[in-house]
Structures are given as structure tokens and as C-alpha cells.
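Down below is the structure, laid out as C-alpha cells.
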């Protein structure tokens, strides 16, 4: 402490901010076990035990938002793993550096745009009346599609736009893994008569398999995170039955509906499951890929 006190002082503001905004609010979890009334406070509200948690599965909409979250997040995880890998493999084969860097820059760019901006752009592009996408479909003789008003199409739109936004940035880790492959392996394969496809199949893919396993297993912790920012900026009452997720449901029940205890119970339920899945993901990553945090 005496030797490194300047470093402790340097990190102290971040610790204080994290404590105030991340740990102090944890005291509000008590609302999940109460029939919380703001005018009675934590001490005066009626204690109901696990009644709020029972409502999650008693209400049809509670079960539905859990199912919606699992469906949307599962497809996002799968495609956010497959497409970045394919993109990284294709980009790794490009030998024209100017073209390679230009493509990288273009596909990275959407990641740095917020869903507030992209949501507004997508609302215009996918509009039934005058949207460019539907105008193009009409030009091809296809009837207009209500992308953001039909539940099934809404799920497809959410998954596709999320993958489009982040696949380039997600590919960075795979490009880094590809750059670490020993060139001598490729040279030896050429001597043995292997073509480019065989090199990819028998050298490149097996070499990035460990990092692929790590990414896939660690993604289990996000199975209940379907993307609040994206859904919130794109959904509407017409797609609640197929597009409402746990985070948006908590927002509506808690902040808009004033049902603080029930919303807190849903949030706590999600956090407990996510915590278990994160621990499971780390154990699987360590078991099958030797991944360790420290």
C-alpha cells in the first residue's frame, strides 16, 4: 500500500462509481420478496416471500417472454458464431491488402453505431409505406412485408440486423487466431500437394477450433440477453407476443406499470439463471479448451 498508493488513488474513483451504481442498488432486490409500495418503503411494504416469482410462471405473458428471449438469443448466438468464422476464413484468403483493409473497415463500422441511430434508419428502410426494402420487393413483384409489425418477421429482422451489426467486430478474435497459425504448416501441406480448400479444411479450421469452443461456451451466459437496446428501439405492441423479451418486459412492468415487485422478481430470476450459465460456460471452456480467466 505504501509503495503503490498513487495507483490506489488513481483507481479509487472507478471503484467508488462501481460501488454506487452496481452494488448499492442490489439492496433493491428485497422488493422481489415484497408487495412493494413506494409510499411504505422497504420497511413498511408487506413481505410475500416467493409469491412474485410464482407469478412469472403463473402468467401466460411471463412464460411467453422467457420463450421469446430464449428463441431470439439462441439464434443470435448461433449466427454470431457461424457468420464471423466464415467471414474471417474468407477474409483471411484475400491477398490484396488494400481491399482487405477496406472491407474490414466497412464491416466494423456498424458495431460503433448505437441502436437508437440504427433503429431510426431501419424504421425508414423497412417501412411498409415507402421503405426502400419494400419498394425493391414491389419492383420484383413481391408483396410488401410488414417486417416490424408481424411477429414472425420481427424475429427474423431482429436476428438478421443484430448479426449484420456485429459480425465484423466479432470476427476480430477469429482473425487474430488465424494470424497465429504457424506458416510452416501451410508450407508443409503445399509440399504434400494440398490445395487451398484442403489447407482450410485440415489446417485452418482445426487451428481455430479451441477459440471457437471458448467463444461458444462463454456465450451460454448471454442466453437470456436478447438485446434490450435493439428490441426497445424496434418493437411495438403489434409484436409483443413474439418480440417481447425479459428486459423489455421488466421495463414495462416496472417503470411504466409501477409493478416494481414483480418486475424485480423477473430481473432477479434472469440474473440467477445467467449467473449459473456463466459459471457453466467457464467450466466447459476450461474443460474442452483449457481456457482460464487467470
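The values are calculated or read from the model by the stated rules, or taken from the named source; none is laboratory data. Everything numeric here is computed off the predicted structure, so don't read it as measured data. Heads up, the Cβs are rebuilt from the backbone with ideal geometry, glycines too, and the neighbour counts pull from every protein chain shown.
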Between a residue in the stretch 46-71 that is more than 21 Å from residue 223 (Cα to Cα) and any residue that is surrounded by fewer than 17 Cβ atoms within 10 Å (Cβ to Cβ), which pairs come within a Cβ distance under 6 Å, given they are 6 or more apart or on different chains? 46/35; 48/35
Among (1) closer than 30 Å to residue 39 by Cα; (2) surrounded by 14 or more Cβ atoms within 10 Å (Cβ to Cβ); (3) more than 16 Å from the chain's Cα centre (by Cα), there is one condition residue 232 misses while meeting the rest; what is its number? (3)
Keeping to the stretch 179-197, report how many residues are in contact with a helix residue (DSSP H, G or I) (Cβ under 7 Å, 6 or more places away or on another chain) and either at pLDDT 90 or above or assigned to a helix (DSSP H, G or I) (or both). 3
Test residue 176 against the stated conditions and say whether it is at pLDDT 85 or above, surrounded by fewer than 17 Cβ atoms within 10 Å (Cβ to Cβ) and within 30 Å of residue 75 (Cβ to Cβ). yes
Tell me, please, whether a residue that is in contact with a strand residue (DSSP E or B) (Cβ under 7 Å, 6 or more places away or on another chain), touching a residue at least 12 places away in the same chain (Cβ under 8 Å) and either more than 18 Å from residue 74 (Cβ to Cβ) or surrounded by fewer than 17 Cβ atoms within 10 Å (Cβ to Cβ) (or both) can be found in the stretch 248-260. no
If you go through the stretch 278-288, how many residues are touching a residue at least 12 places away in the same chain (Cβ under 8 Å) and either in contact with a strand residue (DSSP E or B) (Cβ under 7 Å, 6 or more places away or on another chain) or surrounded by fewer than 18 Cβ atoms within 10 Å (Cβ to Cβ) (or both)? 4
